[in-house]
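Below is one structure, written out as structure tokens, with a few remarks after it.
Derivation of every value follows stated rules applied to the coordinates shown; laboratory data play no part. Values in this document were obtained by computation on a predicted structure and should not be read as measured data. In this analysis, Cβ positions are derived from the backbone assuming ideal geometry, glycine residues included, and neighbour counts consider all displayed protein chains.
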Amino acid sequence: MELLPTIVGWLIYSALLSLMALGVTLLYKTTKVANFAHASFVTVAAYVTYTSTVILSRNPYLGAPIAFIVVGLVGLLLFYAVLEPMRRRNSSTVMLMIGTLAFDIIMLGITNIHADYLNTVFKVPSRNVLLSGLDFKFMGEPGILFVALGTLALCTVAMYLLLNFTTLGIALRASMENPSLSEAIGINVSMMLAVSWFIAGGLAGVAGALLPLWIEISPDIGTVLLASIFCASIVGGLDQIYGAILGGLLLGFFDVVGTSVLASVVGPWISFYEPVIPLIVLSVTLIVAPRGLAGLRLRRGK
Amino acid sequence: MSGLDQLILFTTDLLALFAVYLIINIGLNLQQGITGIPNFGILFAVAGGAYFTGGLSTRLALSLLGIHTDLSPIFDNVSVLALINPILKSQPIIAVGFMILFLAIGGVAGAAMGLISSAPAVRLREDYLAITLLAFGEILNVIGIGYQPLIGGPPGVSVPDVLGWAGEFRFYAGMFALLFVAIAVFAYAGYLIKTPLGRTLRAIRDNEIVARSLGKDITRYRTVAILIGSTLCGFAGSLWVMYSGAVTPTYARFDWTFLPWLMILLGGMGSNRGALVGTFIFVALDKLIIYYKYTFAGILPFDIVWLNYLLLGLITILILIYRPEGLVRTWQKEPSSVQPKK
């Protein structure tokens, strides 16, 4: 087992996973919904990168800012077309979750149609594709390592600044903590929810856009990752936004480094069971800390 | 093949799929609609029923029929089945006995998976629970692919053909067997709702605190609901394997968790008749689109199956916004049919 490539793999995967989980936790805090559509957010972004790179022959990294906007708008669409009308009718949390699920299924259909279209009209492969060949090298490591970590750091700092030092952020936090009180003092809670859907979509968009530089993408990539994203979010704790980063790092560590260590100790057959690792981490976390790692820390702090 | 034959084949397939989904949806409805447990991991129980039927049926058939062979029931699957299937073909009674036995395997496997899911289900908050169960749903696929002695890894295995005696009418016989079980399950669910157990489950859904104050053991009742629901899902998995004759570790979350959720939503949660109507509309729509797939092949630059996704998603969103109580509520008046409010 070589240590360095494993650690590089861990950092890249964890950084992307953390960005995706960050959005899930944010949406959970604002809308109280586990967003099933995060799967398609990631997939749409991955195909934004792929399409702009292959059809328009742009640099793959240009996909990230485009995907931030595009998927942010997809998030807004989901909120205004599906969730807001449901919320006005006092739908239960489970119903709202099915709403995100239905939206996810529509987006899954659209991504697949897009992939078929690329294939038949532009005659380019559109399933199980990887763009890592176009990545640059920096100090002998793939560029995605630095970009992914840099993006995670940038997004975390930006989020921290937004939530703590701007009026918008403070209004956002107020409507997370107590929507009815916020409404009473004149905060447009519906608008705040829309903002959080845009941000969460954007974060998933950036992460998804970087994905094809590291792993093969297909229209079902988001669905495959969804369980891990949710695990990272829960392990970190749904009550604390930054918990998602902790969850992503931890889950990625056990997933990438854990599998690699186990494979060299027990035998390569163990790597078949890699998808079970997030579940084991999730189970252990929920037994030790039923409200996630962040919940544990907060409780001790009191 | 004449038009009539094609129509009969189409209807047979449609009814078989309908029967399987009806059993699953009754099981899901019992958990989500009646007891209020958002089980987004029913794939776990369905796959449990399917994979354990796949893994155990050939082995059991070998020992029960007294066949001695050095061949592996999984890795030399085809040769072993060549020993078993002729016997089942000539002796329908044994075949039907095996069918019931395999169904029981599916039920027990489903119940076992349900028991595992119930560990988090009785402890976690609703939102944590939905996500946790969803994440755990995939685990059997991983085991099915990684642990080859279960169902032979990715290529899967065939199972003893318990319908072989019907010859060319094999699939019709299978369809009737599936419908028979589905009707029995439907009748049982209708009965269950009216028993004291059913009333307690609804009471827990509508107001957990009141139910607890009346001395009901919430944890135990929730476990019971999950166990019954998962057993039904296990039955369905097992039946689907017997009907199609083989199993591969590819049971997807979309087909066996998300679609059932959309179906019970369409019909109306908490009502068995709703589950029936929702299942029928969804399965019929799905099959019709696939039926007309080849008519449009070549005209559109993509596979028409994806339009199905757009349609299913759109219908669900419209239902959620304009008729969240489902289609059936309009002509069914039942005091307990109030949707739980969060």
For chain A, what relative contact order do you get, as a whole percent, if you take Cα pairs closer than 8 Å and at least 6 residues apart?
-> 34 percent
Could you give the size of the charge dipole of the protein assembly as shown about its Cα centre, using +1 on the Cβ of each K and R and -1 on the Cβ of each D and E, expressed in debye and rounded to the nearest 20?
-> 1960 debye
For B:A284 and A:W269, what does the FRET efficiency come to when R0 = 45 Å and r is the distance between their Cβ atoms, rounded to the nearest 0.05?
-> 0.55
With the dipole of region B:3-251 worked out from charges on the C-beta (+1 for Lys and Arg, -1 for Asp and Glu) around the Cα centre, which of B:A50, B:L201, B:F235 lies farthest toward the positive end?
-> B:L201
Where nothing but the Cβ of Lys and Arg (+1) and of Asp and Glu (-1) is charged, how large is the charge dipole of chain B around its Cα centre, in debye to the nearest 20?
-> 1240 debye
Any aspartates and glutamates whose Cα falls less than 17 Å from that of B:K287, other than same-chain ones fewer than 8 residues away, would be B:D5, B:D13, B:D255, B:D303
Just for the Cα atoms in region A:144-282, what are the lengths along the principal axes, largest first, rounded to whole Å?
-> 61, 28, 27
Calculated log₁₀ intensity ratio I(q)/I(0) where the Debye formula runs over C-alpha points of region B:100-156, q = 0.19, 0.24 Å⁻¹ = -0.82, -0.99
Can you tell me the order of A:9-17, B:202-210, A:199-207 when each peptide is scored by its average per-residue count of other Cβ atoms within 10 angstrom, highest first?
-> A:199-207, A:9-17, B:202-210
Label-point separation (nm) for A:E177 and B:A104, each offset 7 Å from Cα along Cα-to-Cβ?
-> 6.1 nm
Stretched out fully, how many nm does the piece from B:R220 to B:A187 gain, at 0.36 nm a residue minus the Cα gap?
-> 9.5 nm
Label model pair A:V288, B:S63: point-to-point distance (7 angstrom along the Cα→beta-carbon line) in nm is 4.1 nm
Residue exposure sequence - A:C155, B:C233 - by fewest surrounding Cβ within 10 Å | A:C155, B:C233
Please state the Cα pair-distance histogram of region A:11-220 with 10 angstrom bins from zero: what percent is in each bin?
-> 9, 34, 32, 18, 6, 1
Sticking with the crude label model, points 7 Å out along Cα→Cβ, report the distance from B:E168 to B:F75 in nm, one decimal please.
-> 4.0 nm
Using the count of nearby Cβ atoms within 10 Å as a rough guide to exposure, how do A:T6, B:T231, B:T279 rank from fewest to most?
-> A:T6, B:T231, B:T279
Check A:G237: other-chain or 5+ apart residues with amide H under 5 Å from its amide H, H built from backbone geometry?
-> A:L293, A:A294
Report, ordered by chain and residue number, the aspartates and glutamates lying within cross-link reach of B:K216, taken as a straight Cα distance under 18 Å and ignoring same-chain residues fewer than 8 apart.
-> B:D206, B:E208
Just rank B:S271, B:S238, B:S63, fewest to most, by other beta-carbon atoms within 10 angstrom.
-> B:S63, B:S271, B:S238
How big is the shadow of the Cα convex hull of the protein assembly as shown, averaged over all directions, in nm²?
-> 31.9 nm²
Across 10 Å bins from 0, what is the distribution of all Cα-Cα pair distances for region A:131-186, in whole percents?
-> 21, 28, 19, 17, 11, 3
Scan chain B and note any complete DSSP helix (H) whose C-alpha atoms cover at least 27 Å along its axis and whose Kyte-Doolittle average is -0.5 or more.
-> B:3-28, B:42-64, B:92-121, B:170-194, B:218-244, B:272-291
Using the beta-carbon distance between B:L115 and B:L300 and R0 = 60 Å, what value does 1/(1 + (r/R0)^6) give for FRET efficiency, to the nearest 0.05?
-> 0.80
Rounded to the nearest 20 Debye, what is the dipole magnitude of region A:11-220 about its Cα centre when Lys and Arg each give +1 and Asp and Glu each give -1 at the C-beta?
-> 240 debye
A chain fully extended from B:Y292 to B:D255 at 0.36 nm per residue, minus the present Cα-Cα distance, gains in nm 11.3 nm
Determine by what factor the alpha-carbon radius of gyration of region B:3-251 differs from 2.2 N^0.38 Å, reporting the quotient.
-> 1.08
